[in-house]
Amino acid sequence: MTHTRYAFVKANWHADIVDRALDGFLELIPADQVDVFDVPGAFEMPLLARDLARTGRYAAVACAAFVVDGGIYRHDFVAQAVVDGLMRAGLETGVPVLSVSLTPHQYQETDHHNAIYRAHFVEKGREAARAALKIVETRAALTRAA
């Protein structure tokens, strides 16, 4: 079956920044081919990504989050758990699960930093779209060659 749909999961934490990744993604993949899902934070993404991949509806699932040091917990542990979970979801389901999860070492909630990360997330969204299109194309070529 040829899939023409993509899922895009985005964390609501820092939505003003994270949502820019969807903007970039939609520059390359038409909006009518993308189903968008919101989750509270990054930690909830792997479970939903796995569930979406298991439906068989999507050629790929892209997930976007911005994990920053909140001063209470080690954000790098959260980021690692999220990326590991996303990879596991893709491997378990056979559906590509792409990460646009960024964990800056130096982030302050200033206009300057927010502008930098908003622009960066647009580019990361484009990169995720390119990766989704390429992996789907490559896997289809492998199937045809078999």
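The values are calculated or read from the model by the stated rules, or taken from the named source; none is laboratory data. All of these numbers come straight from a predicted model, not from anything done at the bench. Cβ: placed from backbone, ideal geometry, glycine included. Neighbour counts: every protein chain shown. What goes into the accessible areas is simple: the full protein's heavy atoms, side chains included, and nothing from ligands, DNA or RNA. Shrake-Rupley method; radii C 1.70, N 1.55, O 1.52, S 1.80 Å.
Listing for the model above:
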read-out	value
Most mobile of THR103, THR55, THR93 in a GNM of the chain (Cα contacts under 10 Å)	THR55
For VAL9, distant residues with modelled amide H under 5 Å away	PHE37, ALA62, CYS63, ALA64
Sum of -39500 (n - 2.57) over DSSP H runs of 4+, divided by residues of the chain (222 nm, nearest 500)	-18500 deg cm²/dmol
Most mobile listed residue (VAL67, VAL100, VAL78) in the chain, GNM with C-alpha springs under 10 Å	VAL78
Positive-end residue, the chain charge dipole about Cα centroid, Cβ charges, pick of VAL97, PHE66, HIS112	VAL97
Net length gained if the chain between PHE37 and GLN80 were fully extended (0.36 nm per residue, minus Cα distance)	13.3 nm
MET87 - accessible surface, heavy atoms, 1.4 Å probe, Å² rounded to 10	120 Å²
Rg in Å to one decimal, and Dmax rounded to a whole Å, for region 16-95 via C-alpha atoms	13.4, 40
Top of GLU92, GLU44, GLU109 by mean-square fluctuation, Gaussian network on the chain, Cα under 10 Å	GLU109
Mean Kyte hydropathy of 0.0 or more with a Cα span along the axis of at least 20 Å, helices from DSSP in the chain	15-28, 75-93
Amide H partners (placed H, <5 Å) of VAL68, local residues excluded	none
Shape of the chain, Cα gyration tensor, a/c cut at 1.5	prolate
Nonlocal amide H pairs with HIS14, under 5 Å, H built at 1.01 Å	none
The chain - charge dipole about Cα centre, Lys and Arg +1 at Cβ, Asp and Glu -1, debye rounded to 20	660 debye
Förster radius 22 Å - calculated FRET efficiency between LEU142 and ASP23, Cβ distance, rounded to 0.05	0.10
